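Heads up, the thing below is written out as structure tokens.
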Amino acid sequence: YDSSGVYTNTYLNSVGCDSVHTLNLTINYSTSGSTTITACDNYTWDGITYTQTGLYTNTYPNSVGCDSIHTLNLTINYSDSVSTSVVSCDNYIWDGVVYDSSGVYTNTYTNSVGCDSIHTLNLIINYSTVGSSSVTACNNYTWDGIVYDSSGVYTNTYLNSVGCDSVHTLNLTINYSTSGSTTITA
């Protein structure tokens, strides 16, 4: 019997007469259900943590005391991480933020499957240097292959030992030679 109803059977009793037996039958049914879940890295269901995509089932008693089989259709997507090393002079701009000191910095983005994508920046900041010289010369002065014949402030940019600009300023004073002649009759 797989449905509720009233069923009868007739038997012979111990004295050879009919014995009618009535069965009042109630059939309760099992139930089933399913849930589809997409999660990042892991998903905990009934105290169990799942880390891989798959079909998982749990059986519970339903409201009428029969099995209720529940299926979890689980998709696990994964977070990722990226690390980048950068050496920069004076400062570095990352995602609109200006960093002016060395350090390890992180930003969290969303990857193509909707999970965290953690980017780590290993940043080394080297610094530019400045220097100056004051020189007084007669008539002209040669600096880095250029002949200067007038006083002024001049700058040249070099690379320092860490590969950044080294700006050197020359404060140049040019004094000029004079000439004259004297005629003497004695």
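The values are calculated or read from the model by the stated rules, or taken from the named source; none is laboratory data. Quick caveat: nothing in here was measured; it's all calculated off a predicted structure. Cβ sites come from the backbone with ideal geometry, for glycine too, and all protein chains shown count toward neighbours. Note: areas computed on protein heavy atoms with side chains; ligands, DNA, RNA excluded. Shrake-Rupley method; radii C 1.70, N 1.55, O 1.52, S 1.80 Å.
Table for the structure above
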read-out: Count - residues of region 10-48 that are within 60 Å of the chain's Cα centre (by Cα) and among the small types (Gly, Ala, Ser); value: 6
read-out: Counted residues, region 136-148 - those being in a strand (DSSP E or B) and in contact with a Ser or Thr (Cβ under 7 Å, 6 or more places away or on another chain); value: 2
read-out: Members of region 29-71 that are of a type outside the set (Gly, Ala, Ser), under 19 Å from GLY114 (Cβ atoms), touching a residue at least 24 places away in the same chain (Cβ under 8 Å) and assigned to a strand (DSSP E or B); value: THR35, THR36, ILE37, THR38, CYS40, TYR43, TYR50
read-out: From THR178, THR173, residue being in a strand (DSSP E or B) and of a type in the set (Ser, Thr, Tyr); value: THR173
read-out: Candidate set from region 49-66 (those that are surrounded by 12 or more Cβ atoms within 10 Å (Cβ to Cβ) and more than 22 Å from ILE37 (Cβ to Cβ)); member that is farthest from the chain's Cα centre (by Cα); value: VAL64
read-out: Single residue of region 149-186 satisfying the filter (touching a residue at least 24 places away in the same chain (Cβ under 8 Å) and of a type in the set (Val, Ile, Thr)) that is surrounded by the fewest Cβ atoms within 10 Å (Cβ to Cβ); value: THR173
read-out: Some residue of region 83-95 being surrounded by 11 or more Cβ atoms within 10 Å (Cβ to Cβ), under 30 Å from LEU172 (Cβ atoms) and of a type outside the set (A, V, I, L, M); value: yes
read-out: GLY103 being without any contact (Cβ under 8 Å) to a residue 24 or more places away in the chain and farther than 30 Å from VAL162 by Cα; value: no
read-out: When residues of region 133-148 are limited to those that are in contact (Cβ under 8 Å) with a residue 12 or more places away in the chain and open to solvent by 80 Å² or more (accessible area, probe 1.4 Å), the one farthest from ILE174 (Cα to Cα); value: ASP144
read-out: Selected residue (criterion: least open to solvent (accessible area, probe 1.4 Å)) from residues of region 1-21 that are more than 30 Å from VAL64 (Cβ to Cβ) and among the hydroxyl-bearing types (Ser, Thr, Tyr); value: SER19
read-out: Given (1) in contact with a strand residue (DSSP E or B) (Cβ under 8 Å, 6 or more places away or on another chain); (2) more than 30 Å from ILE37 (Cα to Cα), number of the condition THR185 does not satisfy; value: (1)
read-out: Filter result for TYR109 (at pLDDT 95 or above, touching a His at 6+ places or on another chain (Cβ under 7 Å) and in a strand (DSSP E or B)); value: yes
